[in-house]
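Input: a single structure, listed below in structure tokens.
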Amino acid sequence: EPEVTQTPSHQVTQMGQEVILRCVPISNHLYFYWYRQILGQKVEFLVSFYNNEISEKSEIFDDQFSVERPDGSNFTLKIRSTKLEDSAMYFCASSVETSGYNEQFFGPGTRLTVL
Amino acid sequence: TQLLEQSPQFLSIQEGENLTVYCNSSSVFSSLQWYRQEPGEGPVLLVTVVTGGEVKKLKRLTFQFGDARKDSSLHITAAQPGDTGLYLCAGAKNDKIIFGKGTRLHILP
């Protein structure tokens, strides 16, 4: 069964460093998303991406964040200068559509630890 | 701010009992999903409901979407220890999904 994959599973970085989190969405899906989950808190929407453009973003997704689909399979989240409060699980998700069912399938996550 | 409130936050019951958990909002959603999340893993989609009043069954799990598409319930019949986990409801609005905080379910053998 097709699934969303994410790498790395765990990333440790120093405050102020740039990190790139990688995702391979399900191959026939057209919409891509990033969410984050701070330990013990709920899953929060960051950004949605369609047709090589951001379609919606939350207030969390400030200028330090960017997303890119550099080729036909990968979808990346870049944090330019990490802060301690960026420590969280980051989940990538993808869906076939956004209307109607909008079933989003999630990857296993990348645990980001900022020291 | 669109919020999804899930209740109860925690539920611990004996194997074989039935239970219902709830997901409520003041907002209307185009669809509502239920996910299950294990510690350190991503949410796994269980079901999507779209139509007001819709009922879907997944083995011993019954999901219902409220008539006004603002709330939902998950009913588990004859709970088993394998049902233990965190159950998340999530409402779809435009491109994003808004998650509730979840109900942590513990089934005692």
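Please indicate, with yes or no, whether at least one residue in the range B:14-30 is over 14 Å from the mean Cα position of the chain (by Cα) and outside any loop (DSSP other than H, G, I, E, B).
So far as the range B:14-30 goes, yes, one or more of its residues are over 14 Å from the mean Cα position of the chain (by Cα) and outside any loop (DSSP other than H, G, I, E, B).
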**Q.** Count of the range A:67-115 residues which are open to solvent by 70 Å² or more (accessible area, probe 1.4 Å), in contact with a His (Cβ under 8 Å, 6 or more places away or on another chain), more than 7 Å from chain B (Cβ to nearest Cβ) and in a strand (DSSP E or B)
**A.** 1
(Q) Scan the range A:100-111 and tell me whether some residue there is among the polar types (S, T, N, Q) and touching a residue at least 40 places away in the same chain (Cβ under 8 Å). (A) yes
**Q.** Enumeration of residues in the range B:1-49 that are within 12 Å of chain A (Cβ to nearest Cβ) and among the hydroxyl-bearing types (Ser, Thr, Tyr)
**A.** B:THR1, B:SER30, B:SER31, B:TYR35, B:THR48
Q: Take the residues in the range A:1-36 that are of a type in the set (Ser, Thr, Tyr) and not in a strand (DSSP E or B), then tell me which one is modelled with the highest pLDDT.
A: A:SER9
Q.
Filter the range A:24-54 down to the residues that are facing another protein chain (nearest Cβ under 9 Å), open to solvent by 60 Å² or more (accessible area, probe 1.4 Å) and either touching a residue at least 24 places away in the same chain (Cβ under 8 Å) or basic (Lys, Arg) (or both) and list them by number.
A. A:TYR50
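Table: residues versus (1) surrounded by 18 or more Cβ atoms within 10 Å (Cβ to Cβ); (2) within 21 Å of B:ASP95 (Cβ to Cβ); (3) touching a residue at least 60 places away in the same chain (Cβ under 8 Å).
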residue	(1), (2), (3)
B:GLN6	yes, no, yes
B:PHE10	no, no, yes
B:GLN14	no, no, yes
B:GLU17	no, no, yes
B:THR20	no, no, no
B:CYS23	yes, yes, yes
B:PHE29	yes, yes, yes
B:LEU32	yes, yes, yes
B:GLU41	no, no, no
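Out of everything in the range B:54-92 that is of a type in the set (D, E, K, R) and buried (at least 18 other Cβ atoms within 10 Å of the Cβ), what residue ends up being nearest to the chain's Cα centre (by Cα)?
Applying the first criterion (of a type in the set (D, E, K, R)) to the range B:54-92 yields B:54, B:56-57, B:59-60, B:67, B:69-71, B:83.
Pick out the ones that are also buried (at least 18 other Cβ atoms within 10 Å of the Cβ) and you get B:54, B:69-71, B:83.
Working: B:GLU54: 14, B:ARG69: 14, B:LYS70: 13, B:ASP71: 10, B:ASP83: 12 Å.
Applying the filter and picking the extreme gives B:ASP71.
The values are calculated or read from the model by the stated rules, or taken from the named source; none is laboratory data. Since the structure is predicted, the reported quantities are computational estimates derived from the model, not experimental observations. Positions of Cβ are generated from backbone atoms using ideal geometry, with glycine treated the same way; all protein chains shown enter the neighbour counts. SASA here: full protein model, heavy atoms, side chains in, ligands and nucleic acids out. Shrake-Rupley method; radii C 1.70, N 1.55, O 1.52, S 1.80 Å.
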